[in-house]
Amino acid sequence: MYDLDRPRPLNDDQVKIFKTKISDYFLDSQKNIIVAQQDKKIVGVASIIYLQRLNRVKTEMYIPELIVTEKLRCSGIGKRLMQYCMELAKKKNCYRIRLESGNSRKESHKFYKSIGFEQSAQFFSKYV
Ligand SMILES: CC(C)(COP(=O)(O)OP(=O)(O)OC[C@H]1O[C@@H](n2cnc3c(N)ncnc32)[C@H](O)[C@@H]1OP(=O)(O)O)[C@@H](O)C(=O)NCCC(=O)NCCS
């Protein structure tokens with residue numbers, strides 16, 4: 001998560017909150033965490049949320065986080081993680097996979113295009 005510029009916990013209370021979020025993910029049938037391991041170390045992570053859409057019979061696979069550890073990027077790990085997600089999406093009978101990528105992440109956009117994803121929407125947000 002830190003590799004993805006996610007904020008680090010500022011204190012022990014926040015560490016607890018993040019740990020709880022991860023264990024909740026494992027307990028929730030509508031969520032998955034996929035990891036890539038090398039020499040027993042986690043070197044890549046994809047998180048998944050299955051979203052029920054009111055206008056679709058099938059579920060949507062949403063990937064909020066995808067990160068490969070910096071020194072191992074461009075060695076095929078991200079592609080393998082996403083291939084696994086694609087297989088899982090078929091098994092779970094999802095109609096599509098969706099994810100967001102900030103405008104500044106130009107390199108990631110090339111990655112997504114190289115594995116067959118297309119830019120199909122604009123993303124609007126407002127901090128509250
Ligand atoms: C984006 C990210 C997950 C890609 O994972 P990766 O392991 O580095 O990518 P891979 O090595 O599996 O690359 C797969 C394909 O994408 C292409 N690709 C990957 N990074 C690329 C880049 N920076 N520029 C151009 N193409 C790229 C590769 O050429 C490769 O194509 P090929 O199979 O034809 O050779 C990884 O770079 C990362 O963690 N980046 C920082 C976090 C991030 O931006 N996450 C996405 C948030 S939206």
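Just subtract the alpha-carbon distance of Q83 and S101 from 0.36 nm times their residue separation and send over the number in nm, one decimal.
Length gained between Q83 and S101: 4.7 nm.
Greater than 21 Å separation of Cα atoms is the criterion. Which listed pairs, K21/K90; K19/K79; K31/K91; K31/K92, meet it?
Check vs 21 Å cut-off fails for K21/K90; K19/K79.
Have a look at Y127, M82, I67 and report the one farthest towards the positive end of the charge dipole of the chain, computed about the Cα centre with Cβ charges (Lys/Arg +1, Asp/Glu -1).
The residue sitting most towards the positive pole is M82.
Between F123 and I33, how many nm apart are label points set 7 Å from Cα along the C-beta direction?
Distance between label points: 2.1 nm.
Based on the Cβ-Cβ distance from S114 to D24, what FRET efficiency comes out when R0 is 30 Å, to the nearest 0.05?
With a Förster radius of 30 Å, E is 0.35.
Rounded if a/c is under 1.5, else prolate if a/b beats b/c, else oblate: with a ≥ b ≥ c from the C-alpha gyration tensor eigenvalues square-rooted, which is region 2-114?
Details: a/c = 1.57, a/b = 1.14, b/c = 1.38.
Oblate.
Computed from the coordinates by the stated procedures, all read-outs in this text should not be read as laboratory data. Keep in mind that what you see is a predicted model, and the values were worked out from it rather than measured. Neighbour counts are summed over all protein chains in view; Cβ atoms, including those assigned to glycine, are modelled from backbone coordinates with ideal geometry.
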